[in-house]
1. Looking only at the stretch C:35-46, which residues are facing chain D (nearest Cβ under 9 Å) and either more than 28 Å from A:GLU74 (Cβ to Cβ) or open to solvent by 10 Å² or more (accessible area, probe 1.4 Å) (or both)?
2. Filter the stretch A:547-565 for residues that are without any contact (Cβ under 8 Å) to a residue 60 or more places away in the chain and either open to solvent by less than 30 Å² (accessible area, probe 1.4 Å) or aliphatic (A, V, I, L, M) (or both) and give the result.
3. Restricting to the stretch A:397-413, count the residues that are buried (at least 24 other Cβ atoms within 10 Å of the Cβ) and assigned to a helix (DSSP H, G or I).
4. Identify, please: which residue in the stretch A:181-218 is of a type in the set (Ser, Thr, Tyr), within 23 Å of A:ILE69 (Cα to Cα) and open to solvent by 10 Å² or more (accessible area, probe 1.4 Å) and is, among those, farthest from the other protein chains (Cβ to nearest Cβ)?
5. Kindly indicate whether A:THR274 is in contact with a Ser or Thr (Cβ under 7 Å, 6 or more places away or on another chain), among the polar types (S, T, N, Q) and part of a helix (DSSP H, G or I).
6. Looking at the stretch D:72-91, can you tell me whether even one residue there is open to solvent by 60 Å² or more (accessible area, probe 1.4 Å) and more than 7 Å from every other protein chain (Cβ to nearest Cβ)?
7. Of the residues that sit in the stretch C:9-20 and are open to solvent by 10 Å² or more (accessible area, probe 1.4 Å) and either in contact (Cβ under 8 Å) with a residue 12 or more places away in the chain or facing chain A (nearest Cβ under 9 Å) (or both), which one is nearest to A:SER173 (Cα to Cα)?
8. If the requirement is being within 14 Å of another protein chain (Cβ to nearest Cβ) and modelled with pLDDT of 85 or more, which of these qualifies: A:ILE65, A:ILE43, A:ILE69?
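The values are calculated or read from the model by the stated rules, or taken from the named source; none is laboratory data. All figures in this text were calculated on a predicted structure; none of them were measured in a lab. Virtual Cβ from ideal backbone geometry, glycine too; neighbours counted across all protein chains shown. For the accessible areas, the whole protein counts, side chains as well, though only heavy atoms, and no ligand, DNA or RNA atoms are used. Shrake-Rupley method; radii C 1.70, N 1.55, O 1.52, S 1.80 Å.
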Amino acid sequence: MRPEDLVFATVMLPLLGAAFALCANMFPKGKGADTVEFIGAGIGLLLPLIVLANVFPLVTGGNAIEGVIGSWHEGIGITFSFDGLALLINILGYTVGIAAWIYSLGGGPRGPAFTGIFLIQCAALSATIMTNDLFNLFVCLEIMGMTSYVLIPTSRKAGASLASFSYLMVSASAMVFFLLGTYGLYRLTGSLSFQGIEAGLALLGSTQRILSLACLTLLVSAVAIRVAIMPLYGWLPDAHALSPHAVSAVLSGVLIKTPLFALARILHLLPEGTKIGELMSIAGALTAVVAVVIALSQRDAKRLLAYHSISQIGYIVAAWGMALRWGIDTPEGLACMVGAFLHAFYHALFKGLLFLSVGTTVDVTGERNVYLLRSSIASLKGRGERIPITFIAFVTGALAISAIPPLNGYVSKDLITYSLKGTVHYVLLSIASVGTVASFIKLSRIYWRGTKVAAQASLSTETTPYWPRLVAEVLLSLLCIAGGVASHLIIPVVSDLLAPANVIAIANANLFSTDSLVKTAWTVASGTLLFFAATSRPGSVVLRIVRERPRDFHGLFISFALGTAVLAGYLLI
Amino acid sequence: MTILLLTLIILLAVFALFSSDLLHGVVAMSAISLSCAILFYILEAPDVAITEAAVGAGVSTVIFVWALRHSQRKEDRHE
Amino acid sequence: MIERILLLVLFMIGFWAIMAHRNIIKKIFGLNIINASVVILFILEGSRIGNEVPIMYGGIGPTADPIPQALMLTAIVIGVCVTALSLALAVHLYRTSGSFDIDVIKRRIQDEA
Amino acid sequence: MNDGKTAWRNIRIFASLVLIGAVMAPIFLSDASWPVTARDYLMAQGQAESGAVNLVSAIYLGYRAFDTLGETIVLLIAVTGTLSLLARVESLVSPGPEDTSSPNAKGFSLSLEKRVSHALRTNLLEEVTGKVGPIVLLFGFYVMLYGHLSPGGGFQGGVIIASGIVFLALGNPYEDKSVLVRPAILGGMENIAFLLFILSAMSGVFLEEGFFGNPLAVSGTPEGFIILMNCIIGMKVGSSLAFMCIVMMGGANHD
């Protein structure tokens, strides 16, 4: 097998698995159908891991496997390139995908249709990150979008359809803008592949510059909608809070990051990329702060987590933008890119873990309100957890997201703040860390002993087994711990995958330095103070105002227009 | 000819968006698709024309009519 | 030039509908309209370099650019799929809230939750 | 009381339209010359490389077949999602304000109990659609099989086949439905077609042509692969659209 075929298997295997899983529909319900569905899931989720292990030696040191799909002529066929970044994103996607799928066996939704669409989503992630063709990127993003519009309302919650509808309208219109951007770039350069566009744009005279900038603006803002950074995040909280827990984990763990890294592929080729990166990193840092304040004000446990996803994606975008600003080939840029990816990966792990453990708690107790829910450990024990695994999983995730050593969140956040030291982002991100600590103290109250013992809700999915939830939680917890403890092994590998061979890998010896540890202690202390301030009377008034700010449907589009115009103006100046 | 068809499409779009009867709107959308198909045929794109006629005017109209059948036809006018 | 201005107008009408119209079915109309305007733009401009159908019946003449046509086949189909799904969601919203008005739907669903 | 609020809303909407318009205008109004490199290459080489006379088909199923795969996947997801939502719409016990106010909008209901009350429908519709159905099917197969030579192809043919199947379903609603119009059969066909599509896309791997490579590239008849893909796509699209339409018309009483 040629290497080109090998990497393409990461797309085709999940599709094959999905086809198998969907064929399970034709069997009468029972053992036979289940077997076919499980075979499909095995083909789609496990075999790609083997493929990735085989690809690994081929892409280290900045090597990339490039080619044209189907070996057609380069100018017309679809080009792709599978490099270290693609490998890393694939690992991220399949890890969280496997955990979430196992969880879905116990926490719903079930059925061949779910498995099929879930596998298609994995394939779309893989295709998005390796494509080098603008129109193909459009198709991949549409597939990813379609799968999420379908998966969100499977939770059968009242607002889920509305959330899915809002997301659909915003993101489908954004994709029309993306298509228009593709049109403009094709018209200017006669090519759809990233390299062709780069070559074509380099030849342009200054008269066409405005056109090319407008096209780039549309592409970037259409992707930014998916990534949900600063003005464009309005669709996300409802969608992530109201979807089934397993789907929430994948949506916020994987789905909002893949388009970002796919965008980096084209941006780092173009000279305008540095400016776009600069603006987006500022937006990202602001997002981190604003979203954490809103998160602190939330009442619904899952909505709080959803706002935290926005906040954490702010960290990632801040580092990612600065990496583009400085260039991935420079040591500072590489440090930022490694930080951005590691945080994306680790965030996927601990946010997935948090969604799953809080989801289990919410299911078991039947109460989502953080202010009312108490003594959940008792309910978990009543459900048959002799050791409260879900609680331990939650604590692991909460400590990781609050960046407490030695968990993985500490490593990646420290790497980001370390590489951004001396910029305004550093200050903003430090404030955001304080807010994170405070809001997780608030969320952890659902496990505190309270006067009112939480009711034991009968699980709506009583027929499904309970153990898959625990398996998924344990799996993710172990990965979280491993990511922190083995960081000195992981960071060199990641930087080796991302960087061309001539860039010196960054030093990571000072990750657990006294300075960083003291800073962490300060963060935790201020976070605790902030928590008490937020629970005080004036604090809760402020938070209520933040929570009950009006959120209209047309506001989503107004902020889209605003964001697009700001980006265009910034590029033009 | 192209300009005429485009003007027609714009008029139909305005009609579809402002008529209070949603079914009329659906018919107008279907007419937009047909006009597009004619336009594509004039513009040397027969493949796209066939697709637009079959998919835009056919399938999507069926789905629209189904949706209205399961809900209401008139736009409710309460502020 | 007039054609392109007309297409821009069409696009703006559609975008206005998505953003400002309260009725969700009208919003879906708007989505269809902006999709159609971009598809027409692609085909219209792609046919400027030739006046023959891109089917090789023997002789070689100046044909229209076949690439936009192939791309737009895909785009049209994706557009219809999005429409179908959004309509299904709209009907579901109507059945749960009894209205097509986005503000009313939002209020009723929040009351229920 | 809401005047100020409405005005503020309108101002914001107008402002965003202006902003978006300003960004869009250069793209819409540009008159940069259209690139011809790709067209010229295709005119010189396209037919020889892909075997299709119709260059659009050559791109759609040859050069950029991966996009086509994506497109059929989107269709698959849309049908699956619509049907699962549909099943829930049907199962909602408390419908909103009653929808009896719109008799005309209930054009094509298939289930028997609904039809009895329906005076507008005559036997004519059944007679005509039942007879026309096979002809439409035949035309669909023509469009599907000759996609590489003339306008049309698997997708368009598939849509026509789907309408043919729907006509057949409308034609004999009472009994001995032909096998083709049973939702279960159609759903199964859709899944099998999807599986076949993936397998044929992978077939190139075993012949050293790579994914989506043409396994018949060296055999002298490269158009064979396009015909095969057209058939599979036609089967997939036809069955899934017909499936969706029949379930929509007949309510969720499929199994």
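1. Here is the first cut: in the stretch C:35-46, the ones facing chain D (nearest Cβ under 9 Å) are C:37, C:41, C:45-46.
The one that is facing chain D (nearest Cβ under 9 Å) and either more than 28 Å from A:GLU74 (Cβ to Cβ) or open to solvent by 10 Å² or more (accessible area, probe 1.4 Å) (or both): C:SER37.
2. Taking the stretch A:547-565 as the starting set, the residues that turn out to be without any contact (Cβ under 8 Å) to a residue 60 or more places away in the chain are A:548-550, A:552, A:554, A:558, A:561, A:565.
Once the filter is applied, which keeps residues that are without any contact (Cβ under 8 Å) to a residue 60 or more places away in the chain and either open to solvent by less than 30 Å² (accessible area, probe 1.4 Å) or aliphatic (A, V, I, L, M) (or both), the stretch A:547-565 yields A:HIS554, A:ILE558, A:ALA561, A:ALA565.
3. Matching residues across the stretch A:397-413 total 10.
4. Looking only at the stretch A:181-218, we keep the residues that are of a type in the set (Ser, Thr, Tyr), and these are A:182-183, A:186, A:189, A:191, A:193, A:206-207, A:212, A:217.
Narrowing the set further to residues that are within 23 Å of A:ILE69 (Cα to Cα) leaves A:182-183, A:186, A:189, A:191, A:193.
Narrowing further to those that are open to solvent by 10 Å² or more (accessible area, probe 1.4 Å): A:189, A:191, A:193.
Values: A:THR189: 7, A:SER191: 8, A:SER193: 11 Å.
Out of the qualifying residues, it is A:SER193.
5. Values: in contact with a Ser or Thr (Cβ under 7 Å, 6 or more places away or on another chain): no; among the polar types (S, T, N, Q): yes; part of a helix (DSSP H, G or I): yes.
No: the conditions fail for A:THR274.
6. Of the stretch D:72-91, the ones open to solvent by 60 Å² or more (accessible area, probe 1.4 Å) are D:90-91.
Restricting the remaining residues to those that are more than 7 Å from every other protein chain (Cβ to nearest Cβ) gives D:90-91.
Looking through the stretch D:72-91, at least one residue is open to solvent by 60 Å² or more (accessible area, probe 1.4 Å) and more than 7 Å from every other protein chain (Cβ to nearest Cβ).
7. Start the filter on the stretch C:9-20 by keeping residues that are open to solvent by 10 Å² or more (accessible area, probe 1.4 Å), which leaves C:9, C:12-13, C:16, C:20.
Then keep just the ones that are either in contact (Cβ under 8 Å) with a residue 12 or more places away in the chain or facing chain A (nearest Cβ under 9 Å) (or both); that gives C:13, C:16, C:20.
On the way: C:ILE13: 13, C:TRP16: 12, C:ALA20: 14 Å.
Among those that are open to solvent by 10 Å² or more (accessible area, probe 1.4 Å) and either in contact (Cβ under 8 Å) with a residue 12 or more places away in the chain or facing chain A (nearest Cβ under 9 Å) (or both), it is C:TRP16.
8. Values: A:ILE65 fails: modelled with pLDDT of 85 or more; A:ILE69 fails: modelled with pLDDT of 85 or more.
Being within 14 Å of another protein chain (Cβ to nearest Cβ) and modelled with pLDDT of 85 or more holds for just one of A:ILE65, A:ILE43, A:ILE69, which is A:ILE43.
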